[in-house]
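The values are calculated or read from the model by the stated rules, or taken from the named source; none is laboratory data. Fair warning: this is a prediction, and the values are worked out from it, not measured in the lab. Neighbour counts are summed over all protein chains in view; Cβ atoms, including those assigned to glycine, are modelled from backbone coordinates with ideal geometry.
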């Protein structure tokens, strides 16, 4: 066995050790495990929506209008007899997809802006920070409504709007952390050994930021899912991709509240809440692990 | 030809309050295989010299004039891309390892490997071998290459920093306070290690410190800095035996000698001057016990006194 192989094996082993240490720490957080279980459950629902749903979600007359939950229709039917259980399953797909994509894009943009802003400083930093200030100061919902109404109902427009407003938090957090990190001697040492700006930003600084980016990214999924639900509930959702928020919009528009059709209102509401709680729990748990100075005993 | 020949270097910082002349007309040389110590108080400009050589001066700082000749070539005239041939391959730097000089998210071996592959395009397997050899050289077991910096003690981190500085086989190593923040026993070990490596590898060393005892351990030549200028430049042995400049005298008086008689330490009165607005004439005159009239009006030139250079009116012959 050559020396090189030993070295590689050692490296692989230390990576595995790190991963298992991480899992051990994560498992210790009840909150994190519960959150993860909720998320896994909903992701499974989303993936298996096809085989699980008893009816096509938009099949009118699958039952009578406003049927109470029964063995036939687990969650009853809506005003035109569409199966609500099937709608809920397909809605999971849309809600989660919007949440993931919007949070992912927000994270990328926020990280880039934060890194560039914090690392280079000066006029560029000034510019980005003023942009963030403006986006934070102006009331979000009215502007979102305006944008949504102007852009028209499409899932991609919703994602665009959510990203447009969603990257600012991560941008700020990453910037402030970059400001602190770039003054540390190891960055000076990297520069002394000939590393360029790009290299310093992406190979030296970025890995040090993962600990604050990841929990923040997970928490921003919650923001995106709630944002989407809000926009959809106000009737700005994409009717061809019905999410939980849009279910609530239809419920409100077609008299579910008047007829006290609780089976149309509670399930999507509960799902939104549960998914929100799930991601928040995981976000907090990761935050505890990555930023141990904030870690509390027994959490 | 000297290995490193710094001529009339001026590095200034253009701050909002005014121009800080951190390094003001400084010249000295480092020869092949020689260890030169740069000593002075905090803020005397000694680190700025090192950063000027490595071209790490950031705005608002600027190298205003002078030459830094390395093997006869002026480093300041080089474009950054050309400077890459010198940086780390010819001149490398040992940072204060006890602090955050290693990136916390990479293993120590990984960081040395990165430095090697970045400059030399060797395969990573080769580079890992070199890294393990280097760690062995500085007295760290090669199996520890896969440890993270936080798994190292302060002394080990400093050793790792030294290994990193040696990664590309440089001729000149600049050590900026390599033993600050280490306890005396570890300090001793690190100094021995540096002395050992210097002998084994024929390194030239530019050692920056505020601790004259460190210089007396390691260096043959000392450059005493005061307020951005050279006060005295002298072989170490001669300086310790008979300091010429009143400031050097003051520094040595402020030290305990383990073998000397029992005596009271005499601190130098006053504070280092602000470089924003340095005193007229000799910059040391407000604190100097020997100050005379001319000291506050005329700046003393470096004068040759028996092969040593000293900037003081006691030796310029002026009255």
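Structural remarks
- In this entry, residue A:286 passes the filter for residues that are more than 23 Å from residue A:117 (Cα to Cα), out of contact with any strand residue (DSSP E or B) (no Cβ under 9 Å at 6 or more places or on another chain) and surrounded by 22 or more Cβ atoms within 10 Å (Cβ to Cβ).
- Any hit, segment B:127-144, residues being in contact with a helix residue (DSSP H, G or I) (Cβ under 7 Å, 6 or more places away or on another chain), assigned to a loop (DSSP other than H, G, I, E, B) and either surrounded by 20 or more Cβ atoms within 10 Å (Cβ to Cβ) or within 12 Å of chain A (Cβ to nearest Cβ) (or both): yes
- Selection count where residues are within 12 Å of residue B:102 (Cα to Cα) and more than 14 Å from every other protein chain (Cβ to nearest Cβ), scope segment B:154-185: 2
- The requirement of being closer than 26 Å to residue A:207 by Cα, surrounded by 15 or more Cβ atoms within 10 Å (Cβ to Cβ) and at pLDDT 85 or above is satisfied by residue A:279.
- Residue B:44 within 17 Å of the chain's Cα centre (by Cα) and under 14 Å from residue B:275 (Cα atoms): yes
- Enumerated helices (runs of 4 or more DSSP H) restricted to segment A:1-113, each holding at least 2 residues that are free of Cβ contacts under 8 Å to residues at least 12 places away in the same chain and within 14 Å of chain B (Cβ to nearest Cβ): A:3-28
- Matching residues in segment A:179-211 - criterion: being surrounded by 19 or more Cβ atoms within 10 Å (Cβ to Cβ) and under 23 Å from the mean Cα position of the chain (by Cα): A:208, A:209
- For segment B:1-115, the strands (runs of 3 or more DSSP E) that sit wholly inside it and include 2 or more residues that are surrounded by fewer than 16 Cβ atoms within 10 Å (Cβ to Cβ) are B:4-15, B:18-30, B:61-70.
- Residues satisfying the stated conditions in segment B:277-302, i.e. part of a loop (DSSP other than H, G, I, E, B), in contact with a helix residue (DSSP H, G or I) (Cβ under 6 Å, 6 or more places away or on another chain) and farther than 26 Å from residue B:15 by Cα: B:288, B:290, B:291, B:300
- Options A:240, A:273: the member that is modelled with pLDDT under 90 and at negative phi: A:240
- Pick from segment B:244-276, criterion in contact with a strand residue (DSSP E or B) (Cβ under 7 Å, 6 or more places away or on another chain) and part of a loop (DSSP other than H, G, I, E, B), ranking: surrounded by the most Cβ atoms within 10 Å (Cβ to Cβ): B:245
- Counting the residues of segment B:67-82 that are modelled with pLDDT of 85 or more and within 14 Å of chain A (Cβ to nearest Cβ) gives 1.
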